[in-house]
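Just below is one structure, and these are the notes that go with it.
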Amino acid sequence: MKREKQKKQTRILLQQTALRLFQKQGYEQTTVLQITSEAGVAKGTFFNYFRTKEEVLQSVFSTHVERICKRVQESEERMWHRQIEQLFYELTTMHEKLGKEVTKSMVHIYTGKQQETLPFTPFIHMLTNIFEEGKRCGDIRTKQSSETLSLIALQLYFGALKLWMFSHLSEPLSTFTIDTITMFIDYMKKEGD
């Protein structure tokens, strides 16, 4: 049991160290050797946990998304539209904390690989369930499926993220995204098709 705990702590240490270096000097400029030196472990230790620095960045992002989904699921909030706002607020706040350059690198990694997808399956399932609740209570009047609504919401999020990454927003990402998602929610409440 002690060995497993130590392995988990080493993995977290490597993730945190890599993230700190990515934020400080950029993803491209950071090497595995710098990560291991800063973490105080042997270079070979890194490869016991991650194959590449891409993989460590992917793991950081996946861990953040999992935590966000868990927080929303465990939240006291039961109003479906507030759950969606919380979900997107937490996600955009995460990106703001990671920074534009780290977020750009993460998006580049995922969009550059044809076989891999962003780790959003749990996020899409959660959104789909929340939209289902909105339909059950009669708030959502559109005939679009809940899964389609989830994908549209995700597309709005990625559009906002891209505008933010390339400095086209004059307001914080979280503010712009929540305003956009709120307009989408208002549209679903008012419009049927």
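The values are calculated or read from the model by the stated rules, or taken from the named source; none is laboratory data. Since this is a predicted model, take the numbers as computed values, not measurements. Positions of Cβ are backbone-derived with ideal geometry, glycine not excepted, and every protein chain shown enters the neighbour counts. Ligands, DNA and RNA are stripped out before the accessible areas are found, and what is left, the full protein with its side chains, is counted by its heavy atoms. Shrake-Rupley method; radii C 1.70, N 1.55, O 1.52, S 1.80 Å.
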**Tabulated pairs, segment 91-102, first more than 17 Å from residue 171 (Cβ to Cβ) and among the charged types (D, E, K, R), second at pLDDT below 90 and not in a helix (DSSP H, G or I), C-beta under 6 angstrom, 6+ apart or interchain** = none
**Asked** Say we look at segment 1-31 and pick out the residues that are aliphatic (A, V, I, L, M) and open to solvent by less than 60 Å² (accessible area, probe 1.4 Å); which of these is nearest to residue 64 (Cα to Cα)?
**Response** 19
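Identify all residues within segment 86-101 that are within 12 Å of the chain's Cα centre (by Cα) and either outside any helix (DSSP H, G or I) or among the β-branched types (Val, Ile, Thr) (or both); write none if there are none.
92, 93
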**Request:** Please determine, by comparing only the residues of segment 56-102 that are among the small types (Gly, Ala, Ser) and at pLDDT 90 or above, which one is surrounded by the fewest Cβ atoms within 10 Å (Cβ to Cβ).
**Result:** 99
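Just to verify a result, which residue in segment 1-55, among those that are among the β-branched types (Val, Ile, Thr) and part of a loop (DSSP other than H, G, I, E, B), is nearest to the chain's Cα centre (by Cα)?
So the first thing to find is which residues in segment 1-55 are among the β-branched types (Val, Ile, Thr), and the list is 10, 12, 17, 30-32, 35-36, 41, 45, 52.
Next, from what is left, pick out any that are part of a loop (DSSP other than H, G, I, E, B): 30-31, 41, 52.
On the way: 30: 22, 31: 24, 41: 28, 52: 20 Å.
Going through the qualifying residues, I end up with 52.
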**Prompt:** Which members of segment 151-193 meet the condition of being within 15 Å of the chain's Cα centre (by Cα) and more than 15 Å from residue 93 (Cα to Cα)?
**Reply:** 151, 153, 154, 155, 156, 159
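Please enumerate the residues belonging to segment 104-118 that are in contact with a Leu (Cβ under 7 Å, 6 or more places away or on another chain) and modelled with pLDDT of 85 or more. Don't jump to the end; show me each part of the working.
First, pick out the residues of segment 104-118 that are in contact with a Leu (Cβ under 7 Å, 6 or more places away or on another chain): 105-106, 109-110.
Within segment 104-118, 105, 106 meet the criteria.
If you take the residues of segment 38-53 that are open to solvent by less than 80 Å² (accessible area, probe 1.4 Å) and of a type outside the set (Phe, Trp, Tyr), which of them is nearest to residue 22 (Cα to Cα)?
Looking only at segment 38-53, we keep the residues that are open to solvent by less than 80 Å² (accessible area, probe 1.4 Å), and these are 39-42, 44-46, 49-50, 52-53.
Narrowing the set further to residues that are of a type outside the set (Phe, Trp, Tyr) leaves 39-42, 44-45, 52-53.
Details: 39: 13, 40: 17, 41: 18, 42: 19, 44: 20, 45: 19, 52: 14, 53: 10 Å.
Among them, the one singled out is 53.
Name the residues in segment 117-171 that are among the hydroxyl-bearing types (Ser, Thr, Tyr), farther than 23 Å from residue 74 by Cα and surrounded by fewer than 14 Cβ atoms within 10 Å (Cβ to Cβ), would you? First the steps, then the outcome.
Restricting attention to segment 117-171, the residues satisfying the condition of being among the hydroxyl-bearing types (Ser, Thr, Tyr) are 117, 121, 128, 142, 145-146, 148, 150, 157, 167, 170.
With the extra rule that they be farther than 23 Å from residue 74 by Cα, the set shrinks to 117, 142, 145, 148, 167, 170.
117, 145, 148, 167, 170 - these are the residues of segment 117-171 that are among the hydroxyl-bearing types (Ser, Thr, Tyr), farther than 23 Å from residue 74 by Cα and surrounded by fewer than 14 Cβ atoms within 10 Å (Cβ to Cβ).
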**Request:** Output the number of residues of segment 138-179 satisfying the condition of being over 16 Å from residue 80 (Cα atoms) and either aromatic (Phe, Trp, Tyr) or in contact with a Gly (Cβ under 8 Å, 6 or more places away or on another chain) (or both).
**Result:** 6
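Residues in segment 56-85 that are in a helix (DSSP H, G or I) and more than 20 Å from residue 103 (Cα to Cα): how many? Show your work before the answer.
Step one: filter segment 56-85 for residues in a helix (DSSP H, G or I), giving 56-73, 80-85.
With more than 20 Å from residue 103 (Cα to Cα) added as a condition, the list becomes 70-73, 80-85.
So the answer is 10.
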